[in-house]
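What follows is a short report on a single structure.
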Amino acid sequence: MNDAWIESDSLSKKFSESYAINDVSFKLVENSSSLIGPNRAGKSTLIGMMEGLIHPTNGYTRVLNRYPEESALEIRKKIGFTSE
């Protein structure tokens with residue numbers, strides 16, 4: 001079993017000709033975290049991919065040892081998201 005709470009590897013999302021996220025890899029092992037950054041940094045896109053609402057162009061993300069494309073509803077029941 002993987003010890004990562006959230007894990008992404010080579011994650012990218014391209015909209016038209018621009019990348020919202022380009023080749024991002026990380027692993028979070030804590031039970032809570034924050035995602036901060038400037039406007040248009042890709043935070044909402046990353047959260048959308050973690051919830052299974054947006055599909056990556058390349059790479060993958062896993063939340064609670066599940067792939068959002070396969071288990072989006074399960075993941076959404078277990079994580080919380082607050083904007084601002």
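Every number in this text was worked out from the coordinates using simple rules, so none of it is lab data. Fair warning: this is a prediction, and the values are worked out from it, not measured in the lab. For neighbour counting, all protein chains shown are included, and Cβ atoms are generated from backbone atoms with ideal geometry for every residue, glycine included.
Observations on the model:
- With the simple spin-label model, which puts each label point 7 Å out from Cα in the Cβ direction, the Ser18 to His55 separation comes to 2.3 nm.
- Residues Tyr19, Tyr67, arranged from fewest to most other Cβ atoms within 10 angstrom of their Cβ, appear as Tyr67, Tyr19.
- Gyration tensor (alpha-carbon) shape descriptor, segment 1-41, a/c threshold 1.5: oblate
- Within straight-line reach of Lys78, meaning a Cα separation under 20 Å, sit the following aspartates and glutamates at least 8 residues removed in sequence or on another chain: Asp3, Glu7, Glu30, Glu51, Glu69, Glu70.
- Measuring r between the beta carbons of Tyr67 and Asp3 and using R0 = 22 Å, the FRET efficiency lands at 0.85.
- Helix 68-78 vs. the chain, principal-axis angle (Cα, 0 to 90°, nearest 10): 60
- Leu53 sits among other residues whose Cβ lies under 13 Å from its own Cβ, and their net charge, with Lys and Arg +1 and Asp and Glu -1, is 0.
- For Val24, the shell of other residues with beta-carbons less than 14 Å away shows a net charge of +2, using +1 for Lys and Arg and -1 for Asp and Glu.
- For the pair Lys77 and Ser10, the difference between a 0.36 nm per residue extended length and the Cα-Cα distance amounts to 21.5 nm.
- With the convex hull drawn over the C-alpha atoms of the chain, the volume per residue is 97 Å³.
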